[in-house]
Amino acid sequence: MDHRTKGEMCRERTGTGNGERARPGAGKGIKVRNGERNGAGNRDGGSAEKAVRADLHVHSTCSDGSEDLRGILARAAGLGLTHLAFTDHDCTRYAGEAQRLGAETGVAVIPGVEISASDRTTGRKVHILGYDYKRPEPIEAVCAPILRRRHENCLKQIGILRDLGYCISEEAVAPYAAGGTFYKQHILKYLYDTGQSPAVFGDVYRTVFKNGGPCDFDIEYAEAVEAVRAVAEAGGYAVLAHPGQQQNFDLIPELVRVGLSGIERNHPANTQKHRELISRLAADNGLFCTGGSDFHGIYEAKGQPLGSVLAPEDCPLPGLVLIKD
Ligand SMILES: [Fe+2]
C-alpha cells in the first residue's frame, strides 16, 4: 500500500484508464421480425427477418459501468447488436431513458436490472436479473435500501482512506457517480486519476479493498426469494444471473417456487460444463436461458467486451419476440 503524504497524493493527473477495445459479438443469430422495437413486442407480422444479436447483461454509468447509455448504444449499433438490456445494479431509474436512446440508435432496449441478493441461510451471493418489467415500483422497493447501504458503505470507505492519508472526499468522488450512488469503482478511478494509485485495479484495490484490507467489508443484500418475487410482481421475468460464478445452482428449485423464469447460461463466468448443467436445469424446471457479456467497461479488471457474449437462440423473452427457425 502506498502511504504517501497528502501533498504528494493530491497531485492531479488525468489518466485515461485501461480502455478495452470492443470486438464484434460471437454467436449465431436468432431471427426476429422487422418492426419489433424497444422490447414492446409489437410484431408487425412482416415477412422480412433479420438476425437477432442480443446482449442482455450490460452495465453503464447508471451503476458501476464506465460508459454511459448513449455511448454504449452507439457502440452496440456499430457492433451490429439488435437488442440490449441495461442491467444496472439495483437501479431501474434509467430504463425509460435507455429505451428512448435505443429508439434513436436503432437498438431495441429491454428494461433490465440486476438485483444484489443473497441466500440468508448460507450467505452466498445470488444475483437476480429482472427483464421486461412493466412497473418498477416493487423492484425499487427492494433495491432502494441496497443502494442506500452501498452509498453509505462507500462513504465509510472514503473516511477510512482519508485516515490512511489519501486525499479523497465525498465531493471529489461525486462526479464519477452519474447514477448518484457511489461504488468502489468510482473511488478506485478517482484514486487512479489523481495519481494516488498506479492502476484502477492495482495495489490499492488488492491491499485496501480486498484480502482483509481496511475497506474490505460489504453490505447486506436483499434476500434472493424477495428479489425474485419483486421482479415477478413488477410484471417482469426473473433470471438467476451467472450461477457458475456464485455456485448457487442448488437454490434453483426454491427460486422457481417464488417465480423464477430463467437462468443466465451464456456468461463469461459460466464454463461449458456449467452451461450444460444450466440447460438441463432449465429443461427440468421449465425455465428459459438468457445470456450477455456483463460488460462494465474499464470498471472490471478482466471484463468482457460489449457484445462478446450473446443471448442463446432459445431465449424466448417476450420483450425480444424471438422467433425460432
Ligand atoms: Fe452484472
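Beyond 24 Å, what share of the Cα-Cα pairs of the stretch 166-325 is found? Please give it as a whole percent. Kindly include the intermediate steps, with their values, before the conclusion.
Numbers: 6216 of 12720 pairs.
Of the Cα pairs, 49 percent sit more than 24 Å apart.
Sort the following peptides by mean Cβ neighbour count (other Cβ atoms within 10 Å, averaged over residues), highest first: 218-224, 277-283.
Details: 218-224: 18.3, 277-283: 16.7.
Taking the mean over residues of other Cβ atoms within 10 Å, the ranking is 218-224, 277-283.
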Given H placed 1.01 Å from N in the peptide plane, which residues other than close sequence neighbours of I115 have an amide H under 5 Å from its amide H?
-> D90, I128, L129, G130
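Using the structure shown, list the pairs from K273/K302; K189/K273; K134/K302 with a Cα-Cα distance above 28 Å, or answer none.
Numbers: K273/K302 21 Å; K189/K273 35 Å; K134/K302 34 Å.
Listed pairs above 28 Å: K189/K273; K134/K302.
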Output ³J(HN,Hα) for the stretch 189-195: one whole-Hz value per residue in order, computed from phi by the Karplus curve 6.51 cos²θ - 1.76 cosθ + 1.60 with θ = phi - 60°, and x for Gly and Pro.
-> 5, 4, 4, 5, 4, 9, x
For R120, list long-range residues whose amide hydrogen, built 1.01 Å from N in the peptide plane, is under 5 Å from its own amide hydrogen.
-> A224
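Which value, in Å to one decimal place, does the Kirkwood hydrodynamic radius take for the stretch 186-251 when every pair of different Cα atoms is included? Working shown, then result.
Working: mean 1/r = 0.0670 Å⁻¹.
Result for the stretch 186-251, one decimal place: 14.9 Å.
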Using alpha-carbon positions, what is the distance between the centroids of the stretch 226-252 and the stretch 107-158, in Å?
-> 11 Å
Top positive-direction residue, dipole computed over the stretch 89-131 with Cβ charges, set T121, Q99, P111 | T121
Give the span of the stretch 212-306's Cα atoms along each principal axis, as three whole-Å numbers ordered largest to smallest.
-> 41, 30, 24
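For H242, H59, what ranking results if the residue with the fewest other Cβ atoms within 10 Å of its Cβ goes first? If you can, show how the numbers build up before the last one.
Details: H242 24, H59 29.
With the fewest neighbours first, H242, H59 line up as H242, H59.
All of the numbers you see were taken from the coordinates with simple rules; none came from a lab. Source: prediction; values computed, not measured. Ideal geometry is used to build each Cβ from the backbone, glycine not excepted, and the neighbour counts take in all protein chains shown.
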